[in-house]
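Read-outs: derived from the displayed coordinates by stated rules, not from any lab. Being a predicted model, the structure only gives us computed values, none of them experimental. No Cβ is skipped: glycine too gets one built from the backbone with ideal geometry, and neighbour counts run over all protein chains shown.
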Amino acid sequence: MKKINSGCLLVLSLLAIWSCKKSNNPAPPATTAKCKPLTFSSNYGGNAVSYVFTYSADGNMSGLKYYLQNALRSSELVVYNGTSTTSPATVNTGLTDSFNVYYDADIFNHLPTSARVWITLDGITQVDYKYYSYLYDSKDRLIKVKESTPHITGDAEYDLQITYNDKDNVTALNFVTTTGQAGTTTILATNYDDKPNQFAGVKNWPFMMPTDWTSSDPGPIFTALSKNNLLGYTFSAIGFTRTSVFTYNGDGFPTKIVSTNKNASGTASFEENYTYACQ
């Protein structure tokens, strides 16, 4: 998987890009959760970040305001209109950067079959920088994400293969290299609680989660695709484990998550906090 500079990573980390490979563009699962997130803050990696969620009159998410307190850019607004996500132009060392994803269907009413990613770095736009396609099972659960970068010479492309248990929680993420040297990286969930996760009230959150479909931080992928809250995972290829402890509100949604990362060099903890609008 291609590595990009830190300025690009900040833009990339705001969005997840995906599509699905299923006939007749079925509708996404209905959202019946009592609470929608309003704010989210985290000190992951020692960086203080926060998000503010906005919603349209129909209840779908329309925007995500992102604040990063110790970087060149202090805030960025990602806009969702159903058929595309747009990260408006931001300035990096005096040049314009932006990131746009185009879906082949309205993500609030259908499961798209493909997505095209355009990216502008240092004022230069790369059209169709990436393509994504997705495969679903008979329960409309995402079971494969296929990344394609045909315009990037020598880039290592991959398939993300996803497995679930009978409670609709992800049990394993398998990243299978499809170009270059063959290899598979497996990340295993340890367990889940029995309560709704923090994004259960957002329709099609996997299309909007603030991460990319890579193994660099798999936690948000587990959360976005699962029904309940992930209590931990194991990334044995790099000797890494994460465990999480949750505090809940009266409706069972997590208001505070304290996670601990452990590897050969030691342990480090970080905290996430959430507020909600509940029916």
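List of remarks:
- Alpha carbon convex hull of segment 102-205, volume per residue in cubic angstrom: 151 Å³
- Net +/- balance of residues flanking T178 in space, Cβ distance below 12 Å, scoring K and R +1, D and E -1: -2
- Spin-label pair T179-D217: with each label point 7 Å from Cα along the Cα-Cβ axis, the two points sit 2.6 nm from one another.
- Net length gained if the chain between D106 and S265 were fully extended (0.36 nm per residue, minus Cα distance): 52.8 nm
- The trypsin sites (Lys or Arg not before Pro) of segment 95-182 that meet both conditions, a loop assignment by DSSP and at most 11 other Cβ atoms within 10 Å of the site Cβ, are K139, K167.
- Summing +1 for each Lys or Arg and -1 for each Asp or Glu among the other residues whose beta-carbon sits under 10 angstrom from that of K195 gives -2.
- Projecting label points 7 angstrom from Cα along Cα→Cβ for T31 and T241 puts them 3.5 nm apart.
- Chain lengthening between S62 and D155 when straightened (0.36 nm per residue, less Cα-Cα): 30.2 nm
- Partners for K139 among aspartates and glutamates (Cα-Cα distance below 15 Å; same-chain residues under 8 apart left out): D166, D168
- Three-way shape label, segment 6-278, alpha-carbon gyration tensor, a/c 1.5: rounded
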